[in-house]
Amino acid sequence: MLKALVVDDEVPARSELRYLLGEAGGVEVVGEAGSAVEALQLIKAIPYDVVFLDVDMPGLSGVQLVEVLSTLDRQPAIVFVTAHSEHAVKAFEVQAVDYLVKPVEVERLRQTITRLAPSEPPAARIERIPVEKAGKKLLLQVEDIYYVMAKDDYSYLYTDGERYLSTISLANLEQKLEARGFFRVHRRFLVNLAQVREVVPMYGGTLLLTLKDSAATQVPVSRRRVPALKKALGL
């Protein structure tokens, strides 16, 4: 059983989530907090496996709490539970495990719990990707990558103003980077969701993503990938 802390400034919301977690199974709620400051003190004292965390709270917000937790030696997994979808991109930036929009359904909660309890030891965290540029072999930091574009059996990795060649296929990069918040938005494109600034609806049910780089690069989302992307972003 995963030991969980539920954090929400509204008592009814905490009670509802506690009930839903009981229905979903696999999680034991061993603590509640009505503010981020109270939650921080509990997390420092108790080794929780996961924190189910509201975003909008008086004083310190949920996102700000996660930024503080990143300085701790032992960090619990974070699942945001909120009535608002507009914070989803920021949630990926702080590497939350999941982002649930209220009202939460039990089956959706079960999917989250499954992700929290892998059946085998997690793979080593991918920090850098080998690339080539100007005849040199380099190691590119994952967080510096804005998007990846397929090129035959190779890939181009784009940072802010630079392009690098990788001999790793887009499909293999998708497998390596999915856990780091990258999403396959098109058969040719893999995007770092933490680097998305804007999501623009287009004619025909497609989307266009505007990235945070200095060129404000725009990446298309295929119609087939739109539902899954909206779900990932909580839209």
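Quick one: would you say Asp9 is within 21 Å of the chain's Cα centre (by Cα), of a type outside the set (A, V, I, L, M) and surrounded by fewer than 19 Cβ atoms within 10 Å (Cβ to Cβ)? No; evaluated as a whole, the condition is false for this residue.
Filter the range 198-235 down to the residues that are in contact (Cβ under 8 Å) with a residue 60 or more places away in the chain and in contact with a Ser or Thr (Cβ under 9 Å, 6 or more places away or on another chain), then identify the one that is farthest from Glu143 (Cα to Cα).
Looking at the filtered set, the residue picked out is Leu235.
Only one entry of Tyr99, Tyr48 meets the criterion of being on the phi < 0 side of the Ramachandran plot, surrounded by 16 or more Cβ atoms within 10 Å (Cβ to Cβ) and touching a residue at least 60 places away in the same chain (Cβ under 8 Å), and that entry is Tyr99.
Between Pro76, Pro47, the distinction of being at pLDDT 90 or above, touching a helix residue (DSSP H, G or I) at 6+ places or on another chain (Cβ under 8 Å) and either of a type outside the set (A, V, I, L, M) or assigned by TED's automatic domain parsing to the domain that holds Leu229 (or both) belongs to Pro76 only.
Does any residue of the range 194-203 turn out to be of a type in the set (Lys, Arg), loosely packed, with under 14 Cβ neighbours inside 10 Å and more than 19 Å from the chain's Cα centre (by Cα)? Scanning the range 194-203, I find no residue that is of a type in the set (Lys, Arg), loosely packed, with under 14 Cβ neighbours inside 10 Å and more than 19 Å from the chain's Cα centre (by Cα), so the answer is no.
Of the residues making up the range 52-64, those that are in contact (Cβ under 8 Å) with a residue 40 or more places away in the chain, among the hydrophobic types (A, V, I, L, M, F, W, C) and within 14 Å of Ala77 (Cα to Cα) are Phe52, Leu53. In the range 141-163, of all residues being without any contact (Cβ under 8 Å) to a residue 24 or more places away in the chain and of a type in the set (Asp, Glu), the one that is surrounded by the most Cβ atoms within 10 Å (Cβ to Cβ) corresponds to Asp144.
The values are calculated or read from the model by the stated rules, or taken from the named source; none is laboratory data. Bear in mind that the values here come from a model prediction, so they are computed numbers and not experimental data. Here the Cβ is made from the backbone with ideal geometry for all residues, glycine too, and neighbour counts use every protein chain on show.
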